[in-house]
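Q: For reference, the structure I am asking about is given below.
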Amino acid sequence: MRTHTGNSDVLIVYDSIRSGKRAKELCDRLAQQLAPDGKLNFSVWSLSALQLPTLAQAAAREAEHAALLIVAVHGDKTLTRRVKSLLHTCARAIHAADGALVAQLHGILKMNAELCPAYGCLREIAGHSGARFFSEAVELPDDELDSSLEAIHERAQPNTTLLEVILQRH
């Protein structure tokens with residue numbers, strides 16, 4: 001990272017609220033270790049927001065000042081072309097700052113981390129940009145409710161059929 005004192009910037013990209021929360025917790029731990037006399041400034045972006053070109057451009061501008069890019073996603077997630085392109089841009093900026101890309105993978109077993117699609121994609125992005133690459137598989141507690149749009153939709157799906165049956169009876 002750029003400095004061990006003063007300010008350092010971190011760009012977090014996440015796919016669900018709880019994975020974003022875990023990435024923020026990683027930032028807090030890093031701040032205690034790497035910048036005890038300074039401050040980690042972080043910018044947080046959801047994958048769904050990055051589908052919008054104007055927000056993707058804003059995130060790319062944030063990356064120009066970042067020394068660390070944390071991508072917190074489900075390990076089985078396949079990233080869209082637009083997000084991959086943005087992450088390539090961000091990783092080049094991270095490399096220029098002598099920083100690193102961290103893949104924080106959720107929903108997979110630690111022993112399978114290197115086999116999942118997100119790991120391969122992010123490792124490739126780091127390799128092409130020259131940024132250092134680190135990864136960790138994070139097992140999320142079952143009691144944490146995932147509030148991402150996808151998770152809400154998945155939870156609502158089984159209830160839809162029941163609702164249709166009830167409505168048809170009336």
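Q: Given q = 0.14, 0.16 Å⁻¹, what are the Debye log10 I(q)/I(0) values for the stretch 7-144, with equal point scatterers placed on the Cα positions and solvent ignored?
A: Values, matching the q order: -0.57, -0.75.
Q: Now for a separate question. Expressed as a whole number of Å, what is the distance separating the alpha-carbon centroids of the stretch 15-80 and the stretch 87-138?
A: 12
Q: About the Cα centre, and with charges only on the beta carbon of Lys, Arg (+1) and Asp, Glu (-1), how big is the dipole of the stretch 7-144? Nearest 20 debye, please.
A: Using only the charged Cβ atoms, the result is roughly 400 debye.
Q: So, counting K/R as plus one and D/E as minus one, what does the shell of residues with Cβ under 12 Å around residue 83 add up to?
A: Around residue 83, the surrounding residues sum to +3.
Q: How long are the three semi-axes of the equivalent ellipsoid of the stretch 65-111, in whole Å, if each is the root of 5 times an eigenvalue of the C-alpha gyration tensor, listed from largest down?
A: 21, 14, 6
Q: What number comes out for the charge environment of residue 120, summing +1 per Lys or Arg and -1 per Asp or Glu over other residues with Cβ under 14 Å away? Intermediate values should be presented prior to the final figure.
A: Values: positive: 77, 84, 123; negative: 76, 114, 124.
Every neighbour counted, the sum reads 0.
Q: What is the spin-label model distance, in nm, from residue 32 to residue 88 if the labels are put 7 Å beyond Cα along the C-beta direction?
A: Distance between label points: 3.9 nm.
Q: I need the peptides 53-62, 22-31, 87-96 ranked by packing, meaning the mean over residues of other C-beta atoms within 10 angstrom, with the highest value on top.
A: Details: 53-62: 15.2, 22-31: 16.8, 87-96: 21.1.
Final packing ranking: 87-96, 22-31, 53-62.
A short reminder: the numbers here are calculations on the coordinates, not readings from a lab. Remember, it's a predicted structure, so these values are computed and weren't measured experimentally. Because the Cβ atoms are built from the backbone with ideal geometry, glycine has one as well, and the counts that use them run over all protein chains shown.
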